[in-house]
Amino acid sequence: MSLANPSIDFDRLLRLRLVVARFGEMDGARWWNTKGLLGRNGALLMSRGFTKTHHFAQARVVFAVATARCKEVFDPPQSMTLWKLPAAVEDQFDACWHHWLSERERWQPFFDDLQDLPSNDLLETLRIMDLVDDAQAQAVAGLRRSAEGRAVPLSGAFTPDDQVLTLLAAAFTRGERGRPAIPYARLDG
C-alpha cells in the first residue's frame, strides 16, 4: 500500500500495535482495562454486532483504551510513542483502515494467532510473530526505565520509521505486570 510516508509500513505498524494491545490486556500484562477483547471471548462478543469486521472493531476499542492509559501514565511533549505518533502519520494510519477492512480474509490468520499469544514474554512474542529481529531485540535489551519507572526513553531524536516504531513497541517489554512503562522517542525537528 503506497502512502505519503514510504519509510513506514502501515501493515507492520498495525501488527505491532495489535500485539502490544493484546499483550497489555487485563488477562495479560494488566496495563489497560480491557480483558481479552482481542482474544476469543472478545471475538465472540464483537462478532454479534460486526459480523464481518469484528476483528477491526475489537482493535479500535483496545487501541483507544491503550492510548488513553499510556497518555495517563506518561505523555511526553515533542515526542512520539507507539500510541501517539505525529498527526500526519496517524492520519495515514487511519486512512489504511478501509483497505484493511477490504482485505479482512488476509488478516484473519494474524487475528487468530493474536487470540492466544504464543508467549507470556512480549519480546519473545514479537520475535515469534516475526516483528522483531535479533538486532532490535539487543537494542531493547539495552534500554532502561526512567527513574520514576513510568517511561522508557530511546536516546536521540527520531523521525517515524519502521525501525523506531518497532523499538517503541518492543520496549514495552520493560514494563511490569500492572505497571506499564511507556517507551518514547523525541521527535527530530
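A few remarks follow.
- Relative contact order [Cα under 8 Å, 6+ residues apart], the chain, whole percent: 28 percent
- Among the GluC sites (Glu not before Pro) in segment 57-155, those placed in a DSSP loop whose Cβ has at most 14 other Cβ atoms within 10 Å are GLU103, GLU148.
- If both residues of a DSSP beta bridge must be in the chain, then about 40% of such bridges are antiparallel.
- Our helix-only sum for the chain, with -39,500 (n - 2.57) per DSSP H run of n ≥ 4 divided by its residues, gives a mean residue ellipticity at 222 nm of -14500 deg cm²/dmol.
- When the Cα positions of VAL20, PHE10, TRP100 are compared along the charge dipole of the chain, VAL20 comes out farthest toward the positive end, with charges on each C-beta of Lys, Arg, Asp and Glu.
- Computed from backbone phi with θ = phi - 60° and the Karplus coefficients 6.51, -1.76 and 1.60, the 3J(HN,Hα) list for segment 180-188 is x, 10, 7, x, 8, 9, 5, 7, 7 Hz; x is used for glycine and proline.
- Cα radius of gyration and Dmax for the chain (Å): 15.6, 46
- Centroid-to-centroid separation of segment 52-101 and segment 102-139 [C-alpha atoms, Å]: 18 Å
- Given +1 at the Cβ of Lys and Arg, -1 at the Cβ of Asp and Glu and no other charges, the dipole of the chain around its Cα centre is 700 debye to the nearest 20.
- Segment ARG144-ARG104, length gained on full extension (0.36 nm per residue, minus Cα span): 10.7 nm
- Neighbour-count order for LEU37, LEU168, LEU154, fewest beta carbons within 10 angstrom listed first: LEU154, LEU37, LEU168
The numbers here are math on the coordinates, done by the rules we state, and not lab data. Since the structure is predicted, the reported quantities are computational estimates derived from the model, not experimental observations. For neighbour counting, all protein chains shown are included, and Cβ atoms are generated from backbone atoms with ideal geometry for every residue, glycine included.
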